[in-house]
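Please treat every number below as a calculation from the coordinates, not as lab data. Computed from a predicted structure; not experimentally measured. So basically every Cβ, Gly included, is an ideal-geometry build from the backbone, and we count neighbours across all protein chains shown.
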Amino acid sequence: MKRARWGFVALVVFLLACVTVNIYFPVTAAEKTAEEIVKEVREQIPEKEEEEKNLPDGSEKQSWHFIKVAYAQGGEALEVSNASIRAIKASLKDRYPAILPYLQKGIVGENQDGFVEVRTMEGLALPGKAQVKQLVDAENKDRTNLYREVGNALKIDQNQVGRLQEIFAKEWQKSVPPGSWIQADDGSWVTR
């Protein structure tokens, strides 16, 4: 009888040890959000200005811009947004023209963790090196805050923010100009 009781207790302990906690992670929402945010941040500004020059007056320019934004977002407003996310996106978008030449020259690249990374400082004078470091630090600080805020908005457990960063990393990498450097899953650097 005692053996049966201990056997039962051992079985219960074993079964409890095998139970895993499944933490919800909204993959589809995270992918859509990352795609929309990266597209908005990396949107080419000169192209928009050129198209708007061809419109006859200011009122049509405003309505054309609204239609263009709605169309670019698939006719839907961005679902994951708040004041913090909008401010971070604006900061990233404002900085992108300054980072773009360094991406194109291969000085910085998009790593596999969703951040920009200095690859080489070769050919840069001291002021250029300082500027690259400052841009990369500011960009990565904004991206860290963006991932945290998007995670909060999607109700993602903070332990799962790394998965969100991986999703964003793929989108950032897809958005770089051809010839830019991206980090592959194995850690090696390749040109896009």
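The criterion of at least 2 residues that are free of Cβ contacts under 8 Å to residues at least 24 places away in the same chain, more than 24 Å from VAL27 (Cβ to Cβ) and not polar (S, T, N, Q) is met by the following helices (runs of 4 or more DSSP H) wholly inside region 78-192: 83-104, 126-153. If the condition is being of a type outside the set (Val, Ile, Thr), crowded, with 16+ Cβ neighbours inside 10 Å and within 19 Å of VAL41 (Cβ to Cβ), then region 101-111 contributes TYR102, LEU103, GLY109, GLU110, ASN111.
For region 112-123, the set of residues classified as surrounded by 15 or more Cβ atoms within 10 Å (Cβ to Cβ) and among the polar types (S, T, N, Q) consists of GLN112 only. Kindly indicate whether any position in region 140-154 is of a type in the set (Ser, Thr, Tyr) and under 10 Å from the mean Cα position of the chain (by Cα). Yes. Residue check: VAL132 meets all listed conditions (1) surrounded by 19 or more Cβ atoms within 10 Å (Cβ to Cβ); (2) within 19 Å of ALA34 (Cβ to Cβ) but one, namely (2). Within region 135-154, the only residue that satisfies the criterion of being among the hydrophobic types (A, V, I, L, M, F, W, C), over 19 Å from LYS32 (Cβ atoms) and surrounded by fewer than 17 Cβ atoms within 10 Å (Cβ to Cβ) is ALA138. For region 155-173, filtering for residues that are small (Gly, Ala, Ser) and either over 11 Å from the mean Cα position of the chain (by Cα) or over 12 Å from ALA34 (Cα atoms) (or both) leaves 1. All conditions but one from (1) touching a strand residue (DSSP E or B) at 6+ places or on another chain (Cβ under 8 Å); (2) surrounded by fewer than 18 Cβ atoms within 10 Å (Cβ to Cβ) apply to LEU126; the one that does not is (1).
Here's the yes/no breakdown for (1) at positive phi; (2) touching a strand residue (DSSP E or B) at 6+ places or on another chain (Cβ under 8 Å); (3) of a type in the set (S, T, N, Q):
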position: THR120; (1), (2), (3): no, no, yes
position: ASP137; (1), (2), (3): no, no, no
position: GLU149; (1), (2), (3): no, no, no
position: LEU154; (1), (2), (3): no, no, no
position: GLN165; (1), (2), (3): no, no, yes
position: PHE168; (1), (2), (3): no, no, no
position: TRP172; (1), (2), (3): no, yes, no
position: SER188; (1), (2), (3): no, no, yes
